[in-house]
Every structure is written in structure tokens, then in C-alpha cells.
């Protein structure tokens, strides 16, 4: 069983937590996420031009790059995480250019070497899958695709073709960390997606509080939280880990207790 | 550089069905935008097949923009250089003072066709912003222009023009606060407002079908130039020269001549302080990568982080280039030469004094390349240079560079 399958096989919804690599004390924050109860970790690869991100994650990208974070550093963080946490699924999330600049095969091999389970590339839609997808799949890395409110029924099969790990439902047409979607629209969307795929469906964008997360967890297999962690790291800098852990625990309790999923 | 593939029968059939110009172009956008991009393509195909669309486009270009723009034989510049005859394609005489309006007319007609009710655009120097605000005023649509805060500060006259035209100007505070960041912010706004908003991209970049449709709307430049040079000289020119930032004026001039393989094609990149220093020459100093929806040559570091461009010309101050230029560069159909800030400044003044034409700093880059090349060619040779815009907007920049207080 893959780490993703194991994480989503538990009889409760999963907390998927995102932080930007190289922003703050990333190793300590990753440990705090695991200790607080996060089920899946998304590690953001910083990029100069994070077009799909709101102000919080934009700033985290720039803070990380200003400290000189390199791609090699990111893989170092990932590999060390895998040493410390053999079972927690780890996803690299970022933009196409840093992932493909040395070739997709190089990137996929580095992911495999570092113990990365999956990759989310914001700006490679299914139409451009040859850019990255085949190399990842050949290396046994899951390519996690995004579905959005604008992904219609005609497109959905293309989005799902070649997808692995879990399906990330971006619940608002917009950028990260801004507004939250209406609960009813999330329920409808998740039902539509679940009818089309056996992959677990995690819902994200705009989820900032345990209460919001609990609502979504009632209808989804997982809830993604990112900008709210970034805000904590922005506030507390290198001493953010205890705050990250406490917030993670509040989210995990809310999400894990939202419903029981039949095995 | 990749080995040049065998040339197909026509160089004018790009991009392919997936929006690729050889290895470049494509649709590298977030999933949220993908259905919209596909919808735009469907509407563009329908518009291309609709004679009424072309008739309205042509009517507006003639009666609103003032086309055709003249092809001016620059006799005093030619005599001064002592070589090839130099003709200037006078895009500076268009309404709003540059080629940008050609594309804006085409795109706002598409927006109307798609039932979109709001217009957004990015702008660097403000020329595309002014052109977009102009057509938005003409069609009565609300318009938001994203402009880097640094550019807002250094291009106040254009900011005021846009506001007079009724546009809202958003000063973008992220990144280096210039054109690249304005484009990021426009994309962020678009993704959150896909239902009712049309994004008028100002150059031949971005996701497919933008590079194709912007090129098609700008190709009126080359089509006119071809007819005009045939009338003036009875033959095609030996060379075309145009400045390239994103490259829309250049592709507009070049594209109708791509299959006329005896016509040499020269694009001019902004070499800023020189290729060893800060510059905006993506082909000379960059390598292929993915940004803003397309794969193309980009200024970037070894990790694929985008580096800041620099040019005295705000319109060329962008770390990428349109994907069709990357393709023409790689197959060798066009060659691209760098021109520095200093060379452009000198040519700005020279053309003004010799021909009574104040060129945009963008256009001055092409003039500088012509000055370099024309003396090496015989007097029987003909060069067409794209005078893509007028330089009134640049007088403050030029005065500062020359140490003159206004």
C-alpha cells in the first residue's frame, strides 16, 4: 500500500497541510505538522512568480528565496523529512519552471531519491501532461491533479487521466488563502468528483479555521490548509514550530472528528 | 541550442492544434483558467470564420486607428548612413501612438462576441494600458489595468491618461513591481473573475491562443508594409528590422514575410547595460522555460527562478519573449541582435534630428540596429524598420538619461 493509500484508508478524513519550503525553520515546522496530527504534507517549492497564490504564500515564496533557498535545499529538506518520518506522505507543490528546468526525468529521479510521494504542479494542466507526467509516473511518483469549479464534466476525464495520489479540489475560482467557498457548492462538487474517480478527494483554498475544516471534512476525504500555516510562520519566524503544532492539532481534531468513514 | 529541423513548406502555419510553435508556446495555466482558454479558442475560431468580424475589425482599424499607417522612405537617415535604403513603417502614427491598439481592437471585439462585460490588462510603460483603456472607453466596458508600482511612479502621464479614459489603475506591489509582476497580478485577478472578465494580453505571449491571435491582429503591419514596398519599389525588401520585448510589433511585421525566404528578418532585443550586466535580452542571455502560460526563452537562474530584466525602454523590460520568436530563433528563420540602452538613446536623438520623427525608445532599438547594419549593405538594398511607437512618452526618461532637467 502506498503512503497515500494508507493515509486515506484511515476511517476518518485527512488533514493535508501545506507550508513553503525554506520559509522559517522548515524542518521544525514539518515535525510540528506531523506531531500535531497532519496526515499528508505538502511542501511548497518557492518560485519567483507564484501566479496562483494569494498575498500570504507569495510573501512566503519571496522570504524563502531571499534567504537563498535552492532546489537542492528543497530536496535536502524532503530527504531529511523522509528519514525522520517514514510513513507520512510528502508532496512537492509548486510551479512548472523550477520543476522542469533540468528536465522532467531529473526532477522525477530527485523526487524518488528524496522519498517524495507525489507532485502538484500548479501550471501544468492535463493538456501539457507530457512536460512532467510521464517522467513522474515512470519513477513511481504520483502526479496529483487539481479540479476546480470551472472543470466541467467534459474536461474531468482528461484531468483524471494520469492522475494519482488524491484529487485536489480547488473549491474557489481564485488564488490561495482568500475567500472560502459555500458549503453547498463544495458538497455538490465532491459528489460529482467522487462519481468520476476512485481517488480520495481533498478540498482546499480559503480554509483557515478548524470550524471551516470540520464542515468540509463532513463531505470530503481530506481538507487542505496552507495560508493559515504561512501566516503563523510569518508572525513567529524561526520560533513558529510550537504554534504550528498547536494549530495543526486544533485542525486535526476538528477534521478527524467530523465523521467516520466506512473502511 | 537545438538543431534546426527541416523547414516545412510554410512557416506561417504555426502554432499546431495544441498551441505549440515547435518546442515553444503551449498552455501552461492553472486548471481554473484552462476551460476559459479553450472557450476563447473556440470563439476565436468562430470569429476567424465570420466575415462580419473581419469587416468590423477592418472598419475600426481604418476609421478609428487611422490605418493604413504610412511607409516612410527615411532619405536623410539613409544618406547619413550611406548604405541600404531605409523605410520606416509608421506605427507611431496610429491612434494612441503605437502598434498596441491594433491588437486591442481585435481582442475587445472578441470580448464582445463572448459576452464578457469587464476588461483587464497588464501594462509596463503604459502604452498597452492606454490602448486597452481606449478601446474599453470606445465600447463602454469597465476596465482595470494592472501596472507595477515602480512603473506607475515613472510613467505618471500614461497613468493619468488611463484614468481619464475611465480605467482603474491598480499599482502592483508584489515582486519587483514592474511588468512581470503586473502580469502575475492580472492572472490572479482573472482566475478569480473568470465568469465575466476578458483579459486583453498586450503581446504575443501568454497561453495559447493569445500568441496566435495577437499575432494575427498585428499582422496588418506586415501586410500593409508588403503592399506599400511593392508599390514604392516594385519588389520585396531585403531585410526587416523590429524591436522585440514580448514581440508583438515584430511578429506583426515579420509574419506576412516568413515564407519570403529572401527577406532577412532581424529582431532587436534590449541589451540594457550590456549582456554582461543587467539586460532584457531573453534569447541572447536566457534559456527555454515556462512562465505566464507559455514555454519560451526566459531570463532565469539555474534553478528556474526568473531574474529581473532591465531596459531603459519600459516596453522591453520583460524577462521573456513570445514563443513564436523563440521558434523562429531556433530554426534560424529570424536572427536577433542586442542593442544597449546607450545605443538606443543615440538613435532616439539621431532619428529625431534627421527625420523629424521622435521614436519610442522601443523603436529606437530597431533604428540603432539599422544604423549598424545599413552601412554594410549596398545602396541597392532595402530595409524596412518598424517604427512601432512615438517617443513622446519617453521624453522624461531621455531627459533624465541625458542629464537634462525638465
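Rounded, prolate or oblate, given the Cα gyration tensor of chain B, with a/c below 1.5 counting as rounded? Write down the numbers at each step before the final one.
Working: a/c = 1.31, a/b = 1.22, b/c = 1.08.
Rounded, because the longest to shortest axis ratio a/c is under 1.5.
Rounded, prolate or oblate: which one fits the protein assembly as shown, using the alpha carbon gyration tensor with axes a ≥ b ≥ c (rounded when a/c is under 1.5, else prolate when a/b beats b/c, else oblate)? List each step's numbers first, then the result.
On the way: a/c = 2.10, a/b = 1.97, b/c = 1.06.
It comes out prolate by the Cα gyration axes.
I need the peptides A:251-259, B:53-61 ranked by packing, meaning the mean over residues of other C-beta atoms within 10 angstrom, with the highest value on top.
Output ranking for A:251-259, B:53-61: A:251-259, B:53-61.
Once you compute Rg and the Kirkwood Rh from C-alpha atoms, what is the Rg to Rh ratio for region B:124-243? Display every interim value, and only then the final one.
Details: Rg = 17.2 Å, Rh = 16.1 Å.
Ratio of gyration radius to Kirkwood radius for region B:124-243: 1.07.
Would you please calculate the Kirkwood hydrodynamic radius of region B:1-135 over all C-alpha pairs and express it in Å, rounded to one decimal?
Working: mean 1/r = 0.0548 Å⁻¹.
By the Kirkwood definition, the hydrodynamic radius is 18.3 Å.
If you take the square roots of the eigenvalues of the alpha-carbon gyration tensor of region A:47-158 and sort them as a ≥ b ≥ c, do you get rounded (a/c under 1.5), prolate (a/b over b/c) or oblate? Working shown, then result.
Values: a/c = 1.68, a/b = 1.19, b/c = 1.42.
Note, shape of region A:47-158 comes out oblate.
Using a Gaussian network for chain A with springs between C-alpha atoms less than 10 Å apart, which of these wobbles most: A:25, A:117, A:188?
Sorting by GNM fluctuation, first place goes to A:188.
Considering only B:293, B:66, B:206, give the residue with the highest GNM mean-square fluctuation for chain B, with springs between Cα atoms whenever their separation is below 10 Å.
Largest GNM mean-square fluctuation: B:66.
Rank by packing, highest mean first: peptides A:218-226, B:118-126, with packing defined as the count of other Cβ atoms within 10 Å averaged across residues.
Packing proxy ranking, top to bottom: B:118-126, A:218-226.
How big, on average over all directions, is the shadow cast by the Cα convex hull of region A:3-256, in nm²? Provide the component values of the computation, followed by the final result.
On the way: hull surface 46.1 nm².
The Cα convex hull of region A:3-256, projected and averaged over all directions, gives 11.5 nm².
Springs between alpha-carbon atoms under 10 Å, Gaussian network over chain B: tell me which of B:323, B:70, B:338 tops the mean-square fluctuations.
For chain B, modelled as a Gaussian network with Cα springs under 10 Å, the answer is B:70.
Return the average number of partner chain Cβ atoms within 10 angstrom of each residue Cβ along peptide B:68-80. Don't skip to the end; give the middle numbers.
On the way: counts 0, 0, 0, 0, 0, 0, 0, 0, 0, 0, 0, 0, 0.
Taking the mean over all residues of the peptide, I get 0.
What does the average come to when, for each residue of peptide A:170-183, you count the partner chain Cβ atoms lying within 10 Å of its Cβ? The partial results should precede the final answer.
Details: counts 4, 0, 3, 11, 8, 8, 1, 0, 2, 1, 0, 0, 0, 0.
Going residue by residue through A:170-183 and averaging, the value is 3.
For region A:170-251, count all C-alpha to C-alpha pairs, find those more than 18 Å apart, and express that count as a whole percent of the total. Numbers along the way, then the final one.
Values: 1471 of 3321 pairs.
Of all Cα-Cα distances in region A:170-251, 44 percent exceed 18 Å.
Applying 1/(1 + (r/R0)^6) with R0 = 25 Å to the Cβ-Cβ distance of residue A:67 and residue B:278, what FRET efficiency is obtained, to the nearest 0.05?
In this case the efficiency is close to 0.65.
Sorted from largest down, give the three principal axis spans of the alpha carbons of region B:113-185, whole angstrom values.
Per principal axis, max minus min of the Cα coordinates gives 35, 24, 14 Å.
So in region A:3-256, what percent of DSSP beta bridges are antiparallel if you round to the nearest 5? Show your work: numbers first, answer last.
Details: 0 of 27 bridges.
Within region A:3-256, antiparallel bridges account for around 0 percent of the total.
Rg(Cα) of region B:362-406 divided by 2.2 N^0.38 Å? Please list the in-between numbers first.
On the way: Rg = 14.1 Å, N = 45, 2.2 N^0.38 = 9.3 Å.
Compared with the compact-globule rule of thumb, region B:362-406 sits at 1.51.
Test of understanding: ordering B:178, A:20, A:88 by Cβ neighbours within 10 Å, fewest first, what list do you get? The partial results should precede the final answer.
Numbers: B:178 23, A:20 34, A:88 19.
Going from sparsest to densest Cβ surroundings: A:88, B:178, A:20.
Hey, can you rank B:100-112, B:129-141, B:370-382 by average C-beta count inside 10 Å, highest first?
Values: B:100-112: 24.6, B:129-141: 22.9, B:370-382: 16.7.
With the highest mean Cβ count within 10 Å placed first, the list reads B:100-112, B:129-141, B:370-382.
Largest first and in whole Å, what are the equivalent-ellipsoid semi-axes of region B:293-378 based on the Cα gyration tensor, each being the root of 5 times an eigenvalue? Walk me through the intermediate numbers first.
Values: eigenvalues 152, 58, 21 Å².
Result for region B:293-378: semi-axes of 28, 17, 10 Å.
With just the Cα atoms defining each centre, how far is region A:217-235 from region B:317-360? Give it in Å.
48 Å
Summarise the partner chain shielding of B:303-312 as one whole number: the mean count of Cβ atoms from other chains within 10 Å of each residue's Cβ. Before the final figure, lay out the partial values.
Details: counts 15, 13, 12, 5, 1, 1, 0, 0, 0, 0.
Mean shielding count: 5.
Laboratory data are not the source of any read-out in this text; all were calculated from the coordinates shown. What you see is a predicted model; the values in this text were computed from it and never measured. Cβ sites come from the backbone with ideal geometry, for glycine too, and all protein chains shown count toward neighbours.
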